[in-house]
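Nothing in this text is a laboratory measurement; each read-out follows from the coordinates by a stated rule. This one's a predicted model, so the numbers in the text were calculated from it and none came from an experiment. Here the Cβ is made from the backbone with ideal geometry for all residues, glycine too, and neighbour counts use every protein chain on show.
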Amino acid sequence: MEDWEIALLSFLKPWKNRQEVIGFLVCGSYITGKPSKHSDIDLHIITSHDTDWRERGSKFIDGYHIEYFVNPPKQIRAYFKKYHRDHSLDPQTMFITGKILHDKTGSVAQLKTEAKNWREKKFNGLEDTSLIIQKYALWDALDNLQDIFEKKSKSFRYAYYAALRNVLEFYSTYLKWEVYSPERVYEYFTDPLVLKKYLQTEYPDPVFGEMFVKAITVDIEYEMLVSFEELADYVFEQTDGFEIDGWVVRTPLELE
């Protein structure tokens, strides 16, 4: 038994005999492989169906950081639905790749099966109005970057990386694809082993992928601006163009 497993078992001792606890699932890099010194032990504690509370916390035991999530199955299912709606499959991936340590009622195994089913469901795309608004937001981000670059503003780099994240979210949603998490975005575009580890497949538009990788690796501000201009032009081209002159959108009021 490895040291991290001993630490985990020590953490689980007070939870094992609690009446509402029906299962444990451990996941993360200690299960999927190649943990770093910053890796934590992700633990899902599943409680009975009639539990009306949830809990999240962290604890260090023998130098290992254990991050734990306590939820009944109905809350896990709500997370699956919410994350999928937001073009993310993080909780589903955790359950699919996780290791069951205890499953009193079979609910944890059922949640693993449901997580796999969620990964097979297609994401929704952008509705017409949302697409129009997202195109304007991209144009506006580009215009702002050009402005603060010309002003030599110290805000340029911060605005640049925020704009990159937004264009990735926009285009991935347009393609009905998962929005990559920031901490692994470069690896998702460049490392097949990381894709496999997190159950990902190659990005559906390799041209965009190459341009995005270039945009997040250049470091000279002029080259950064040019990279974003090229990326924005490409996205406009792939989404049937955009013209700011005469742009208009009408939507219902939002009063609540």
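Okay, here's what the table says:
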read-out: Ranked list, fewest to most other Cβ atoms within 10 Å of each Cβ, for T251, T129; value: T251, T129
read-out: Scattering profile of segment 128-238 at q = 0.13, 0.16, 0.20, 0.24 Å⁻¹ [log10 I(q)/I(0), Debye over alpha-carbon scatterers]; value: -0.49, -0.73, -1.08, -1.41
read-out: Most fluctuating residue given options H84, H65, H44, as computed from a GNM of the chain linking Cα atoms under 10 Å; value: H65
read-out: Mean Cα-pair separation over length for the chain, i.e. relative contact order, pairs under 8 Å, 6 or more apart, %; value: 15
read-out: Considering only the chain, percent of DSSP beta bridges that pair antiparallel, nearest 5; value: 75
read-out: Per-pair calculated FRET efficiency, R0 = 25 Å: D86 and L9 via Cβ, rounded to 0.05; value: 0.15
read-out: The chain: calculated mean residue ellipticity at 222 nm from DSSP helix runs of at least 4, using -39500 (n - 2.57); value: -17000 deg cm²/dmol
read-out: Rounded FRET efficiency, nearest 0.05, which uses the C-beta distance separating T105 from S130 and R0 of 41 Å; value: 0.50
read-out: Candidates L138, L199, L231, ranked by Gaussian network fluctuation over the chain, Cα under 10 Å, top entry; value: L199
read-out: Karplus-derived HN-Hα couplings along segment 23-34 (A = 6.51, B = -1.76, C = 1.60, θ = phi - 60°), whole Hz, x at Gly and Pro; value: x, 10, 9, 9, 8, x, 5, 5, 9, 7, x, 6
read-out: Intensity falloff of the chain expressed as log10 I(q)/I(0), Debye formula with alpha-carbon point scatterers, at q = 0.08, 0.13 Å⁻¹; value: -0.43, -0.95
read-out: Zone of E187's modelled label, taken as backbone nitrogen in segment 31-71 under 12 Å from a point 7 Å along Cα→Cβ; value: 32-40
read-out: Chymotrypsin sites (Phe, Trp or Tyr not before Pro) restricted to segment 218-252 and DSSP loop, no more than 12 other C-beta within 10 Å; value: W247
read-out: Low-density loop cleavage sites - GluC sites (Glu not before Pro) in segment 192-222, where at most 11 other Cβ are within 10 Å (DSSP); value: E202
read-out: Rough spin-label spacing in nm, given labels placed 7 Å along Cα→Cβ, for D50 and T217; value: 5.8
read-out: Centroid-to-centroid separation of segment 209-256 and segment 43-117 [C-alpha atoms, Å]; value: 36
read-out: Exposure proxy ranking, count of Cβ atoms within 10 Å, fewest first, for H38, H49; value: H38, H49
read-out: Span-like helix ranges in the chain, DSSP H, alpha carbon extent 27 angstrom or more, Kyte mean at least -1.0; value: 128-150
